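*Asks:* Encoded as structure tokens, here's the structure I'll be asking about.
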Amino acid sequence: MHFSKLLAFYMSAASIHAAAQSLSPGEGIILAIDSVTFLSQNNLERAQNLTEENALEVGGEIVQGFGAIVKTVTGALSNVTILKSSEQPRDSINGGSILRARQLPSPIPSVDQHAICNSFRTFILIHQQLLSIVIGEKGILSATPFTAPLGTVLRSLEGVVDTFAFAVIALVPGCSAHATQLNAYLAPTLSEAADTYP
Ligand SMILES: *[C@@H]1O[C@H](CO)[C@@H](O)[C@H](O)[C@H]1NC(C)=O
Ligand SMILES: *[C@@H]1O[C@H](CO)[C@@H](O)[C@H](O)[C@H]1NC(C)=O
């Protein structure tokens with residue numbers, strides 16, 4: 001009988017907590033995803049410029065671009081993980097004596113979850129395009145000294161993007177099926193790209 005009152009209390013406590021931060025959790029996640037997408041878009045443009053003639057210059061820039069992406073995904077992952085753990089008090093309330101815990105809404109409002117999934121979709125599509133070009137340019141890139149560094153950075157990217165994707169998916173139950181599908185579309189391309197440059 002006190003359940004709904006109790007729930008309302010915890011919900012408003014959580015809203016105050018979120019409002020006290022400069023960004024809502026949803027906005028923080030979108031910013032993290034978009035900052036990676038921005039770098040990937042830059043690297044995509046570099047990769048589109050690649051020719052046999054400029055391969056020694058542009059190949060090196062592409063490797064550096066991937067290095068920056070890996071670094072930013074790593075930062076984005078820790079930000080998303082922090083946001084997740086800052087919501088932990090509500091999880092422990094849920095895990096306590098309130099039996100319908102699993103039916104409580106996500107700490108992130110549904111509208112924000114959908115905005116996160118939109119960002120995530122762009123993130124996936126840009127990576128997919130970038131990696132497809134890098135795979136397709138094997139002929140040019142394998143003839144440069146960047147083959148090994150490219151393989152190394154692509155293997156790092158594969159590991160960190162996978163972890164990041166699952167961290168994001170865990171926060172968006174409202175659209176996690178779609179996000180999971182998107183990630184399943186990218187994952188084999190990441191592996192293929194890494195395998196292209198042993
Ligand atoms: C992570 O959070 C820090 C501190 O709020 C911010 O400066 C940085 O840009 C964020 N990084 C990403 C990738 O979102
Ligand atoms: C791609 O090439 C064009 C034309 O040479 C150049 O203006 C542009 O800056 C290049 N883009 C990148 C990202 O290197």
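*Asks:* Can you pull the one-decimal nm distance between simple spin-label points at residue 51 and residue 125, each 7 Å off the Cα toward Cβ?
*Replies:* A separation of 2.9 nm, rounded to one decimal place.
*Asks:* Multiply the residue gap between residue 187 and residue 42 by 0.36 nm, knock off their C-alpha separation, and tell me the result in nm, one decimal place.
*Replies:* So the chain would gain 50.1 nm between residue 187 and residue 42.
*Asks:* Right, another one. In µm²/s, what is D for segment 107-198 at 4 °C and 1.567 mPa s, where D = kT/(6 pi eta Rh) by Stokes-Einstein and Rh is the Kirkwood radius from Cα pairs?
*Replies:* It comes out at roughly 93 µm²/s.
*Asks:* I've got another one for you. R0 = 25 Å: FRET efficiency of residue 163 with residue 140, Cβ-based, nearest 0.05?
*Replies:* So, using R0 = 25 Å, E works out to roughly 0.25.
We did not get these values from a lab; they are worked out from the coordinates using the rules stated. This is a predicted model, so every value here is computed, not measured. Heads up, the Cβs are rebuilt from the backbone with ideal geometry, glycines too, and the neighbour counts pull from every protein chain shown.
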